[in-house]
Amino acid sequence: MIPAAGTLTAMPHRTALAASPVFLEHDTGAHPENPGRLRAVHALLDEAGLTPKLQPLAFAPATPDDLALVHDPAYVDAVRRAAERGGGWADPDTLITPRSYDVAAAAAGAVIAAADAVLRRDADDALCLVRPPGHHAEPAQAMGFCLFNSVAVAAAHALARRGLERVAVVDIDVHHGNGTQDAFYDDPRVLYVSTHEYPFYPGTGALEEAGAGEGRGCNINLPMPAGCDDAAFLRAHDEVVLPALRRYRPQLVLVSAGFDAHFADPLAGEALSVDGYGAIVARLIDTARDLCDGRIVFALEGGYDLVALPWCVRRAAELLLGEPPAPDPLGARETPEPAAFAPMLARAKALHDLT
């Protein structure tokens with residue numbers, strides 16, 4: 001129906017969903033990073049009635065040229081050949097299976113397509129439910145369950161092919177994204193901001209790792225002591241992450257959305273709750289709406305508890321869609337603020353002139 005003169009019809013909010021059964025084909029068996037993670041996520045989204053409200057996003061696997069925006073072509077070819085030979089261990093934590101090259105390329109392609117969709121305004125924002133994760137993948141080295149750095153590849157794509165000048169990557173995984181940091185360490189066109197448990201795997205992400213050359217100041221690490229709860233993480237975001245984003249004014253925000261800082265996660269020692277993660281996600285969505293017309297893409301990284309992970313993803317989907325959030329079934333775990341937290345935060349604010 002054509003609206004009457006003088007009236008406006010609000011467009012429904014469109015959150016794109018990049019998802020596919022292909023992401024189950026990186027079959028790692030009993031490894032912590034296994035297909036059961038995504039099965040649990042999709043089961044809860046279906047049960048909550050959220051899946052039909054998300055806009056399915058078509059995507060193609062990243063090509064070798066796409067991956068070469070970040071990764072050494074010889075490394076890309078080595079992963080392909082390892083998969084073709086039947087796979088094996090790329091490092092003590094990272095398994096290559098016969099389908100791993102194709103699945104990891106599909107994950108990178110999904111995040112590229114999501115970035116393109118929000119830049120073209122085919123979608124308002126996007127959620128990428130992909131695996132394997134990517135933020136530990138170095139330009140020429142697999143590590144930390146990661147083969148190709150999907151978020152870094154999408155950021156490089158937006159800069160090289162879509163004419164963007166400023167992209168922000170916000171990493172909320174409990175582990176530092178060493179691969180993303182290394183990809184853009186001297187590049188002022190990417191602001192990389194990470195909250196992560198420290199000292200912890202992979203051993204990078206110290207406060208002083210702040211970028212190099214023209215990229216000095218565009219790499220912001222918040223090394224969180226173990227045991228930080230919702231209050232500490234929200235203070236870190238309110239006092240450093242969000243002010244840094246506002247100062248940088250990105251044209252696109254990509255979120256490495258790891259949910260393994262939840263207190264139930266078996267692989268880490270932080271104490272975030274579903275509500276705490278939701279508050280972080282809400283702040284990032286609102287900030288992107290203020291700065292870049294809501295152009296924000298969440299791409300799944302870690303999260304290994306099969307109850308906490310699906311509920312964190314559900315909360316992110318609810319917030320993107322503007323749906324009322326369901327109550328957090330796991331509750332919160334309030335912990336004493338670690339003694340090292342406040343001095344770290346003060347040093348971060350001083351180092352990056354955010355006082």
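The values are calculated or read from the model by the stated rules, or taken from the named source; none is laboratory data. Note that the structure is a prediction, hence the values are computed from the model and not measured. All Cβ positions, even for glycine, are placed from backbone atoms using ideal geometry, and neighbour counts span all protein chains on display.
Cβ-Cβ below 7 Å, separation at least six or inter-chain, first residue in the range 308-331 and farther than 12 Å from Ala48 by Cβ and at pLDDT 95 or above, second aromatic (Phe, Trp, Tyr) and in a loop (DSSP other than H, G, I, E, B): which pairs? Note: pairs meeting the criteria are Ala308/Phe259; Leu309/Phe259; Cys312/Phe259.
Filtering the range 305-355 to residues that are surrounded by 14 or more Cβ atoms within 10 Å (Cβ to Cβ) and in contact with a His (Cβ under 7 Å, 6 or more places away or on another chain) leaves Asp305, Ala308, Cys312, Leu321.
Check whether at least one residue in the range 287-299 is crowded, with 21+ Cβ neighbours inside 10 Å, touching a Gly at 6+ places or on another chain (Cβ under 9 Å) and either over 21 Å from Asn34 (Cα atoms) or in contact (Cβ under 8 Å) with a residue 60 or more places away in the chain (or both), and report yes or no. For the range 287-299, residues crowded, with 21+ Cβ neighbours inside 10 Å, touching a Gly at 6+ places or on another chain (Cβ under 9 Å) and either over 21 Å from Asn34 (Cα atoms) or in contact (Cβ under 8 Å) with a residue 60 or more places away in the chain (or both): present.
Given the conditions (1) surrounded by 14 or more Cβ atoms within 10 Å (Cβ to Cβ); (2) out of contact with any Ser or Thr (no Cβ under 8 Å at 6 or more places or on another chain); (3) not acidic (Asp, Glu), and given that Arg85 satisfies all but one, which numbered condition is not satisfied? Only one criterion in (1) surrounded by 14 or more Cβ atoms within 10 Å (Cβ to Cβ); (2) out of contact with any Ser or Thr (no Cβ under 8 Å at 6 or more places or on another chain); (3) not acidic (Asp, Glu) is unmet by Arg85, namely (1). Within the range 159-175, residues that are touching a residue at least 12 places away in the same chain (Cβ under 8 Å) and surrounded by fewer than 24 Cβ atoms within 10 Å (Cβ to Cβ) have Cβ atoms under 8 Å from residues that are hydroxyl-bearing (Ser, Thr, Tyr) and assigned to a helix (DSSP H, G or I) in these pairs: Arg166/Tyr248, counting only partners at least 6 apart in sequence or on another chain. Using the structure shown, decide if Tyr248 is surrounded by fewer than 23 Cβ atoms within 10 Å (Cβ to Cβ) and aromatic (Phe, Trp, Tyr). Yes: the conditions hold for Tyr248. Considering the range 168-184, and only residues there that are part of a loop (DSSP other than H, G, I, E, B) and among the aliphatic types (A, V, I, L, M), the residue that is nearest to Ala154 (Cα to Cα) turns out to be Ile172. Criterion applied to Leu234, Leu267, Leu245 was being within 13 Å of Val169 (Cα to Cα) and either among the hydrophobic types (A, V, I, L, M, F, W, C) or at pLDDT 95 or above (or both), and the one residue passing it is Leu245. Taking the range 19-70 as the range and being free of Cβ contacts under 8 Å to residues at least 40 places away in the same chain, buried (at least 17 other Cβ atoms within 10 Å of the Cβ) and among the polar types (S, T, N, Q) as the test, only Asn34 passes. When each of His196, His237 is tested for being in a strand (DSSP E or B), out of contact with any Cys (no Cβ under 9 Å at 6 or more places or on another chain) and within 28 Å of Val118 (Cβ to Cβ), the lone residue that passes is His196. Taking the numbered list (1) out of contact with any Cys (no Cβ under 6 Å at 6 or more places or on another chain); (2) surrounded by 21 or more Cβ atoms within 10 Å (Cβ to Cβ) in turn, Val274 passes all entries but (1).
Exactly one residue out of Gly269, Gly302, Gly331, Gly278 is under 25 Å from Ala115 (Cβ atoms) and part of a loop (DSSP other than H, G, I, E, B), and it is Gly302. Select from the range 33-70 the residues that are more than 20 Å from Ser150 (Cβ to Cβ), in a loop (DSSP other than H, G, I, E, B) and aliphatic (A, V, I, L, M) and write down the one among them that is nearest to the chain's Cα centre (by Cα). Filtering first and then ranking leaves Leu50.
Scan the range 122-180 for residues that are charged (D, E, K, R) and under 13 Å from the mean Cα position of the chain (by Cα) and the total you get is 3.
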